[in-house]
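Asks: Would you mind keeping the following structure in view while I ask a few things?
Any read-out appearing in this document is the output of simple, stated calculations on the displayed coordinates, not a laboratory observation. This structure is a prediction, so every number in the text was calculated from the model and none was measured. No Cβ is skipped: glycine too gets one built from the backbone with ideal geometry, and neighbour counts run over all protein chains shown.
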Amino acid sequence: MSYTIPVLKKCGYLGNKAAYFCFCWVIFLSNYTTFAQKQAQIDSLSKVFKSNISDKEKVNVCLKLARIYLEIDSLATVQYADQAVQLANQINDKKGAINAFYLLGKLNTRKGNYARAKMFQQQVIEQSKTINYLVGQAKGLSELGSINDEEGVYEKALDYCLQALKINQKLDNQEKIADNYNLIAIVYANLGNEDKAIDYFNQSFSIKQQLEDKKGMAITLGNIGTLLSNQEKYQEALKYHQRSLILEKEIDNQVGIALSYRSIGDTYLYLKQYERVLDYYSKSLKIIKTIGASVYEPQVLFSIGTLQAEQNQWKVAKQYFLDAMKIAKKMKLIRLMKDTAEQLALVQKNLGNYEAAYEAQVLFKKMADSLRNDEVTQNVTRLVAEYEFQQEKDSIKFANKAQRIALEKDIENRKVTQQATLIGIGLLALLALILFLFFQSKRRSNKLLTEKSKELETANGELQAANKEIQTMNKKLSKTLDTVEHQRDDILSSIRYAKRIQNSILPRENYCNHVLPTHFIFFKPRDVVSGDFYWLSKINQKVILAVADCTGHGVPGAFMSMVGNDLLNNIVKDKKVDQPHLILNQLHKEVRQALHQDETNNRDGMDITLVSIDTTNKKLEFAGAKNPLIYVQNGQLNQIKGDQMSIGGEQLEGERIFTPHEIDITPPTTFYLFSDGFQDQFGGPKGRKFLTHRFRELLFEIHDQEMAAQHTTLEQTLNDWMNYKEQQLGQIDDILVVGVKVE
């Protein structure tokens, strides 16, 4: 969710009337766009639903389908949510019905039907209370807070949000706590208290980052970027919006992508880079129209109207503002009504429509007063202050209780110490008595001492014999140790020889340079031999390149890599298969056959990225088992995910069908294939993983360097990460990254 701060009033734009008609044409074409990336998930869940599963599992499948369709098809969302309600009622699954009502409420919020959205969320809260379902109560309260914020009813928005926050803190649900902080920040921003807003945004972002919640991180980054634009820090704001866009694309969040495009367009307008502005608005409106997120449509129409007004195209601007106002009134978007009324007053004045200008100005004043009412601001501040006071009060109670427990524990420890002291004194007294009696009987014990001396001499002889036996055992142990060391040397020698064998089957450097003139290979095994390997061949004027991560590392992984290398030679070189997805289909079959996985408990396998490069026809084909492909074109980083299944491995099915992908490489393209070793490496200031998003940002930063420089940067970055301030963390997995540039 992102709040709206008008950012278009100060900027100019040179355009013409054709922009309006061009925009209409873009909107028309956008209706034919499909979201193929979601289709695989939908198909898989549909098959599960039709299989022999329980009604409880069917409810969960319907809810999952409804969540996916929420981004792309509102009718399908309603269909699956309704079906979930019906099934849940039949089996008395109250939580399933509550979650379905929540999704229906979210859908109506997105479509701007706030009255129906509130009705559904009230049902969520009431039904959750009847079964003490705290998670459902918190979800419904948070959504009501969000809706009231959109309507400009800030006091109610904050009240609902604080109720949800208390529940989420009780549940220790860090993800939802961060969402609540985000909404509190939005309320403060809309009331003009930017210092408080940035403080709550930072708290929200800190939690989302710890949870690696990319969607939450993207939302907060976008909100901070909008705040920075409002403070006229445009270059800094642009960086935040671009970081947000990268994360939204990684998780394929269409609403988030649309909002990021609009925010970037707003920022470029501030920077007077007009040629980019309309392009970003077009992308934003295209997505909004496609997924039916009509609540965001009037905001983009308002932005376009402002552009036209800045270039004195008053009639065109008027039409955009009237369209935006019509939708805003229908949805009761008070903030947008205020901003649009202000702009309409200016447009009508320039068109000579003074009566209409006066009416617009009156509406602007009315909306502004309702949004910035001093009493509302005071009540919002009071609610937050009461919440923070209660939190502090609870903390003091907890501290007093802890002090009382510590005092009781200290008293108990003192009692134990006193008892131990008394026991010690008693023992000392007993020992003194024994010593006194001993010295009294010393004379009488001389004879006994003589006898004991003889016994001691006997024992000394036995001790010497035992000593000889120990020396004999030491010699045997020394001999055994020599044997173990010799065997260890033999094993190490065998492993080193295995490394020479493994290196011999990898593609030669001169062959790689011939087939791929511009490339680098960063290969860093964890042990002497590696479970990661790369494979290269040229067939039918196509270059086939693979990077694989086999089960395990060291010797077990190396054996698996040799199996994979031989099978790829057989499939590509002998059988002449040159399409990546067909290669992976066949590789899965042959791995299962080679390891007899139908007959044994063997579950070894590999994750692999495989591409074919056709420089003649300027296209690149890709298929992946678990692992993705990253490529950079026209200054834009892109990712294609692999299928979520491995070659071989745990699953029992004998046949797997992998998805083909194709990329036009007419523009200069740099692409990367890699295992998961780099992003899984621990290090840095907190000793944590490098992580996928940091690794992608690193690839984007170095993509325009020479290949050798990219290799050096990767190696230096890894060393710095593992040896941060001399902490020297060890390598945990094999690391392999291959980069190729196609001019």
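Asks: So which trypsin sites (Lys or Arg not before Pro) in region 608-639 pass both tests, a DSSP loop state and at most 15 other Cβ atoms within 10 Å of the Cβ? Before the final figure, lay out each step's value.
Replies: Working: sites: K618, K619, K626; in loops: K618, K626.
Sparse-neighbourhood loop trypsin sites (Lys or Arg not before Pro): K618.
Asks: Here's something else I'd like to know. Any lysines with Cα under 18 Å of the K468 Cα? List them, leaving off those in the same chain fewer than 8 positions away.
Replies: Once the sequence-local lysines are set aside, what remains near K468 is K476, K479.
Asks: For the chain, take the longest principal axis of its alpha carbons; what is the angle in degrees between that and the long axis of helix 74-90, to the nearest 10 within 0 to 90?
Replies: The answer is roughly 50 degrees.
Asks: Another question, then. Give a quick list of chymotrypsin sites (Phe, Trp or Tyr not before Pro) in region 32-131 that DSSP marks as loop, anything other than H, G, I, E or B, with at most 10 other Cβ atoms within 10 Å.
Replies: Y32
Asks: Taking the Cα atoms of the chain, what is the range of coordinates along each of the three principal axes, in descending order and whole Å?
Replies: So the three principal-axis extents are 133, 80, 56 Å.
Asks: So what J values fall out for region 729-734 if you push phi through Karplus, 6.51 cos²θ - 1.76 cosθ + 1.60 with θ = phi - 60°, rounded to Hz, Gly and Pro as x?
Replies: Coupling constants for region 729-734: 7, x, 6, 9, 7, 5 Hz.
Asks: Can you give me the angle between helix 214-230 and the longest principal axis of the chain, using Cα atoms only, in degrees from 0 to 90, rounded to the nearest 10?
Replies: With rounding to tens, the tilt is 50 degrees.
Asks: Can you return the lysines within cross-link range of K442? Criterion is Cα-Cα under 30 Å, with same-chain partners fewer than 8 residues away left out.
Replies: Filter leaves K452, K454.
Asks: Also: Given axes a ≥ b ≥ c from the Cα gyration tensor, I'd like to know whether region 129-251 is rounded (a/c under 1.5), prolate (a/b larger than b/c) or oblate.
Replies: Working: a/c = 2.31, a/b = 1.46, b/c = 1.58.
Since a/c reaches 1.5 but b/c is at least a/b, the shape of region 129-251 is classed as oblate.
Asks: Please list 683-692, 584-593 highest first by mean number of surrounding beta-carbon atoms within 10 Å per residue. Write out the running numbers ahead of the final one.
Replies: On the way: 683-692: 15.0, 584-593: 20.9.
Put in order of decreasing packing, that is 584-593, 683-692.
Asks: Going Cα to Cα from K58, which lysines come in below 17 Å? Please leave out same-chain ones fewer than 8 positions away.
Replies: K47, K50, K94, K95
Asks: How would region 507-742 be classified by its alpha-carbon gyration tensor: rounded, prolate or oblate, with rounded meaning a/c under 1.5 and the a/b versus b/c comparison settling the rest?
Replies: Numbers: a/c = 1.76, a/b = 1.14, b/c = 1.54.
Judged from the Cα gyration tensor, region 507-742 comes out oblate (a/c at least 1.5, b/c at or above a/b).
Asks: On a 0 to 90 degree scale, rounded to 10, what angle separates helix 36-50 from the longest Cα axis of the chain?
Replies: 70 degrees
Asks: Among the GluC sites (Glu not before Pro) within region 204-242, which fall in a DSSP loop and have no more than 15 other Cβ atoms within 10 Å of their own Cβ? Provide the component values of the computation, followed by the final result.
Replies: On the way: sites: E212, E232, E236; in loops: E212, E232.
Here the GluC sites (Glu not before Pro) that fit, given the DSSP loop and packing criteria, are E212, E232.
Asks: Show me 419-427, 349-357, 664-672, 555-563 ranked by packing, highest mean number of other Cβ atoms within 10 Å first.
Replies: Numbers: 419-427: 10.0, 349-357: 13.7, 664-672: 17.7, 555-563: 20.2.
Sorting 419-427, 349-357, 664-672, 555-563 by mean packing, highest first, produces 555-563, 664-672, 349-357, 419-427.
Asks: Which of the pairs K166/K366; K111/K208; K249/K289; K542/K575; K111/K349 have their Cα atoms more than 23 Å apart in this structure?
Replies: Details: K166/K366 34 Å; K111/K208 27 Å; K249/K289 18 Å; K542/K575 15 Å; K111/K349 33 Å.
Check vs 23 Å cut-off fails for K166/K366; K111/K208; K111/K349.
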